[in-house]
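**Q** The structure's right below; bear with me while I get my questions together.
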Amino acid sequence: MIAADLIVWAAGIKVPDFMANLAGLESNRINQLHVNEFLQTTRDPNIFAIGDCAQFLNPDGSRVPPRAQSAHQMASACYTNIVALLNNKPLKAYKYTDYGSLVSLASYSTVGNLMGNLSSGSVFIEGRLARLVYVSLYRMHQIAIHGIIKTGLVMLGGRLNKWLRPRLKLH
Ligand SMILES: Cc1cc2nc3c(=O)[nH]c(=O)nc-3n(C[C@H](O)[C@H](O)[C@H](O)COP(=O)(O)OP(=O)(O)OC[C@H]3O[C@@H](n4cnc5c(N)ncnc54)[C@H](O)[C@@H]3O)c2cc1C
């Protein structure tokens, strides 16, 4: 128990140790595998690395952050490139697009900034609008994994539970 009014979690990420020098692949200080612009590992073009376990450098030398949206975008690019590789077609360079961030503070509030498709900079959003975007994103992820029908049933179950569940814990 840590008694505090406000806690800031600042733990970094580190890839498991077994990834360092995995099959002789090039890795960095936190065991991420170095990848080229096509997401192929630098020492073996038939091995791709995406998401948190990959170190991808943008053209300006900055790193793509270990976040869900980068992992998602890398997955799509990796799929395209594996298909291209199998068909002896040219591979497409991966490009990270930052669409912004959202932070849900439970029932208290939701805040975030949206960018990417906007012509100038980012837009700060909060309250109901931010909550709506957050929930929509969450449902999109559920649909991607479970499909529309199952997600619809999960939503319906949630609604029914909200109505049926007793306010007190019953034994
Ligand atoms: C608490 C928390 C909050 C976060 N919040 C956000 C956020 O708000 N927004 C955001 O964009 N990102 C957020 N992130 C980061 C985001 O979750 C990651 O960047 C993203 O999940 C990376 O996706 P990935 O597929 O690379 O890895 P993961 O999603 O971690 O998937 C890796 C998978 O590999 C499996 N695995 C591990 N070892 C082995 C093994 N030896 N054999 C087989 N399988 C294995 C794991 O079980 C896991 O399923 C958050 C992360 C944490 C921890």
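**Q** If I stretch the segment between Asp17 and Ala144 completely, what's the gain in nm (0.36 nm per residue apart, minus their alpha carbon distance), one decimal?
**A** Extending this stretch completely gives an extra 42.7 nm.
**Q** Additional query: Tell me the chymotrypsin sites (Phe, Trp or Tyr not before Pro) within region 42-110 that lie in a loop according to DSSP and have at most 14 other beta-carbon atoms within 10 Å.
**A** Counting only loop positions with at most 14 other Cβ atoms within 10 Å, the chymotrypsin sites (Phe, Trp or Tyr not before Pro) in region 42-110 are Tyr108.
**Q** I'd like the trypsin sites (Lys or Arg not before Pro) in region 1-98 restricted to DSSP loop residues with at most 16 other Cβ atoms within 10 Å, sorted by number.
**A** Answer by residue number: Lys14, Arg29, Arg43, Arg67, Lys92, Lys95.
**Q** While we're here: Taking a quarter of the surface of the Cα convex hull of the chain, what do you get in nm²?
**A** The Cα convex hull of the chain, projected and averaged over all directions, gives 16.2 nm².
**Q** Can you work out the Karplus-derived ³J(HN,Hα) for every residue in region 18-25? Use 6.51 cos²θ - 1.76 cosθ + 1.60 with θ = phi - 60°, whole Hz, and x for glycine or proline.
**A** Once θ is set to phi - 60°, the couplings for region 18-25 become 5, 6, 5, 6, 4, 6, x, 6 Hz.
**Q** In the Gaussian network model of the chain, springs joining C-alpha atoms below 10 Å, which of Gly24, Gly157, Gly127 carries the largest mean-square fluctuation?
**A** Of Gly24, Gly157, Gly127, the most mobile in the Gaussian network model is Gly157.
**Q** Per residue, how large is the accessible surface of region 101-161? Use a 1.4 angstrom probe and give square angstrom.
**A** Accessible surface, normalised per residue, equals 76 Å².
**Q** Follow-up question, since we're still on this one. Could you derive backbone 3J(HN,Hα) for region 124-130 from the dihedral phi with the Karplus parameters 6.51, -1.76 and 1.60 (θ = phi - 60°), listing whole Hz in sequence and x where the residue is Gly or Pro?
**A** Here the 3J(HN,Hα) series is 8, 10, 8, x, 4, 5, 4 Hz.
**Q** Just in region 122-171: which trypsin sites (Lys or Arg not before Pro) are loop by DSSP and have at most 10 other Cβ atoms within 10 Å?
**A** Arg167, Lys169
**Q** May I ask you to derive the FRET efficiency for Thr97 and Lys162 from their Cβ-Cβ distance with R0 = 45 Å, giving the value to the nearest 0.05?
**A** Plugging the Cβ-Cβ distance into 1/(1 + (r/R0)^6) gives 0.80.
**Q** Hey, can you find the accessible area per residue of region 17-86 for me, probe 1.4 Å, expressed in square angstrom?
**A** 55 Å²
**Q** Let me ask you something else. Among Gln40, Gln142, Gln55, which one shows the biggest mean-square fluctuation in a GNM of the chain, springs joining Cα atoms closer than 10 Å?
**A** The residue with the greatest mean-square fluctuation here is Gln142.
**Q** Carbon and sulfur together cover what percent of the accessible area of the chain at a 1.4 Å probe radius?
**A** 62 percent
The values are calculated or read from the model by the stated rules, or taken from the named source; none is laboratory data. Being a predicted model, the structure only gives us computed values, none of them experimental. Counting neighbours? That spans all protein chains shown, and the Cβs are built from the backbone with ideal geometry, glycine included. These area figures cover heavy atoms from the full protein model, side chains too; ligands, DNA and RNA do not enter into them. Shrake-Rupley method; radii C 1.70, N 1.55, O 1.52, S 1.80 Å.
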